[in-house]
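Take a look at the structure below.
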Amino acid sequence: MKRMWNAAIAACLASVAVCTSTVCAGESSLDFQTEYTDREIEKRIDEIGKECLAFYLEGWNPVFEETESTGAANSSPLDMITGLFTSGSVQSAKTDACFEVEATAEEACMAADGAAEYEAYVDIGAQIDSLAHDLPWNTEEFTKIDEHGFTSVRTQPFSTFGADVDTASYSLLRRGLIEAAAAEEADQQGIYSRYYVSPVEESAIRIEEMVNYFTYHYKDPEDGEKFGVTANLTACPWNEDSLLLRVGIKAEDKKEACKGNNIVFLIDTSGSMDEFDKLPLVKTAMKILADQLDDHDRVSIVTYAGSEEVLLEGAEGSDKKEITRAFGSMKPWGGTYGEGGIEKAYEIAQKYFIEGGNNRVVLCTDGDFNLGISSAAGLEELISKKRDTGIFFSCFGFGDGNYSDTRMETLADNGNGNYFYIDCEREAKKALEEEFFSTIYTVAKDTKFQIEFNPENVKGYRQIGYENRSMAAEDFADDTKDGGEVGAGQTVTVLYEIVPAESEMELEVPSRYGSAEEQEEKQDGVFADELLTVNIRYKEPDGEESVVREYPVSRSDIADKMDADTSWAAGVAQAGMLMRGSEYAGTSEFDDIYDRLKNDPEIMENDYKAEFLYMLRLMKSYKAA
């Protein structure tokens, strides 16, 4: 048995050389191919790219037009500058114009002939300085991520973590890349764009959320099971000393058991939401969601700015006119009293609670809390106290510049909910038409995974992503420790680099209490065929005690060729590692990833995959710059 295992590992490792040298693009290393020509694929990617850029270019156009008309209405540089600050233009146009105004004022000062005229320009300069606090400085907030390294199975055979089906990180990365590309395009076209573009923060790149953004083809649960598990082990495209393990988990799909939705929309209408990609996009997104509700559902709308306000309470989901009117009435103003809005939203959700239904608060905000409780720790305490009400809490993030990813993730994680980031209308449709009603029909709460590696066959491992979901091995069986929520039909993908026992990579940790050879002698051969076991612990949506299921993975899961699902997940993970500047990216290169993934058989039909290839182009340019 051991000899057969060694042969299988040797064959898989041998294919690494082929895979890394040909970028897994040849027939010998991939178990799939595309039927389209390179020209057809490139044309498709170009079209998707134009659609991505259009959202920002169209959003910036009104600011450009208003600035142009303001300037044209004045006869002198001094009048133009003064007009920009005294006109009735929107606040975003005023603040974004500051950079233009400052440059114009400097030029005018240099050209001023008389002392009076010069003094007038100095006064305008003081005006500019007084508005400095309104400039869109970067106050975005992300939680630092310490990347997983390789771990010896002998010292730690368990990899334990909470489930994560959030996708916000992927959308945040796309926003940064697309916005930067759009700003460059705007300059070339003479369109007035924001001079400030949020950078791509390394800590915003959570690789598990990037991988889980896409749909994979995993087997359904067997009768009586909550989850179906698919495992695949193949050559690692970026490291010749390891194998790539993909574990895919698919939840049961039982939406029909729900007795209705009780949804309270909690909308941030503070002054910071006055941007084309904030409150206007919120209205678009929430109308998409509301259109899918019917008379079995209840809808309430609470807004918060300087204070909270109830715009709609307990309306039937079929009353589209009233719901649309309430959303349309929202206008940005004042501060951000998020605490008051949260309390009021839960109060109303409890009032219209549906037994056996889906009861949920849906928060839409840029994450900027500046009145009441505003710290991540304070919000965590606030929302954790609400968890026992049976009301789930989901977060939808919008906008940039002042965005707080840390607060949003804290609220969703501790509110037994999910976290999305909406950066464009395409994402609004994906999240709210295609995915939201799977997400909110929770089939397993406090879900935890624990991968147990067999030391006879595995020397070491490195989990790719899930850094902020890691748990102690002892927490797996502790029902007081919070896990993640998994919705009906949802999939979870987990990637590991596996170091087989025969690898020359050094990971052993010396111990006086027993060598690796002594530990191996204790194996009685019963599990000699197994590579690892996937353990899943979860609670029923209305349950308090967890149950555990075991799914062994054996050597039969080793594949000579990489299938399309594994290739895609690996490529997304590689791109994430490159963007993060990971020391474990190995031989990964953007061009190699691009050449492999464009052969995916779904590339011409799947907009999201075509879009990712466009993003790969932007990633390469971004990192080069």
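The values are calculated or read from the model by the stated rules, or taken from the named source; none is laboratory data. Since we're looking at a predicted model, the values are computed, not measured. For neighbour counting, all protein chains shown are included, and Cβ atoms are generated from backbone atoms with ideal geometry for every residue, glycine included.
Observations, loosely collected:
- Here F476 meets each of (1) within 30 Å of Y352 (Cβ to Cβ); (2) in the same structural domain as V229 (by TED's automatic domain parsing); (3) in a helix (DSSP H, G or I) with one exception, condition (1).
- Considered as a group, the residues in region 323-341 that are part of a loop (DSSP other than H, G, I, E, B) and among the aromatic types (F, W, Y) include one that is nearest to N262 (Cα to Cα), and that residue is Y337.
- Only one entry in G338, G356, G334, G314 is in contact (Cβ under 8 Å) with a residue 40 or more places away in the chain, of a type outside the set (S, T, N, Q) and either assigned by TED's automatic domain parsing to the domain that holds E540 or farther than 30 Å from F142 by Cα (or both), namely G356.
- Residue match in region 347-359 (condition: in a strand (DSSP E or B), in contact with a strand residue (DSSP E or B) (Cβ under 9 Å, 6 or more places away or on another chain) and at pLDDT below 90): yes
- Boolean, K283 is surrounded by fewer than 24 Cβ atoms within 10 Å (Cβ to Cβ) and under 23 Å from the mean Cα position of the chain (by Cα): yes
- I301 under 24 Å from N416 (Cβ atoms), among the hydrophobic types (A, V, I, L, M, F, W, C) and more than 28 Å from the chain's Cα centre (by Cα): no
- Any hit, region 264-275, residues being farther than 30 Å from M577 by Cβ, without any contact (Cβ under 8 Å) to a residue 40 or more places away in the chain and surrounded by fewer than 20 Cβ atoms within 10 Å (Cβ to Cβ): no
- Check on D268, of a type in the set (D, E) and closer than 30 Å to G401 by Cα: yes
- Residues of region 566-578 classified as closer than 23 Å to F453 by Cα and not small (G, A, S), total: 1
- When the criteria are applied in full, Y584 meets the requirement of being touching a strand residue (DSSP E or B) at 6+ places or on another chain (Cβ under 8 Å), in the same structural domain as L233 (by TED's automatic domain parsing) and among the hydroxyl-bearing types (S, T, Y).
- Residue-level check: of (1) in the same structural domain as R580 (by TED's automatic domain parsing); (2) of a type in the set (D, E); (3) modelled with pLDDT of 85 or more, E425 misses just (1).
- Residue check, K278 over 17 Å from I391 (Cβ atoms) and surrounded by 24 or more Cβ atoms within 10 Å (Cβ to Cβ): yes
- Hey, I422 closer than 25 Å to F142 by Cβ, touching a strand residue (DSSP E or B) at 6+ places or on another chain (Cβ under 7 Å) and not charged (D, E, K, R) or not: yes
- Restricting the first member to region 388-414 and to residues that are aliphatic (A, V, I, L, M), and the second to residues that are assigned to a helix (DSSP H, G or I), the beta-carbon pairs closer than 6 Å and six or more apart or on different chains are I391/A349; L411/L379; L411/I383.
- All positions within region 461-473 that are under 21 Å from the mean Cα position of the chain (by Cα) and not in a loop (DSSP other than H, G, I, E, B): Q463, I464, E467, N468, R469, S470
- From G314, G248, residue being of a type outside the set (D, E), under 25 Å from the mean Cα position of the chain (by Cα) and part of a strand (DSSP E or B): G248
- Any hit, region 275-283, residues being in a loop (DSSP other than H, G, I, E, B), under 30 Å from A569 (Cα atoms) and not hydroxyl-bearing (S, T, Y): yes
- Cross-chain or 6+ apart pairs with Cβ under 6 Å, region 457-486 first and exposed (fewer than 15 other Cβ atoms within 10 Å of the Cβ), then among the β-branched types (V, I, T): A473/T160
- Screening D529 against (1) more than 30 Å from G224 (Cα to Cα); (2) at pLDDT below 80; (3) in contact with a Ser or Thr (Cβ under 6 Å, 6 or more places away or on another chain) leaves a single unmet condition, (1).
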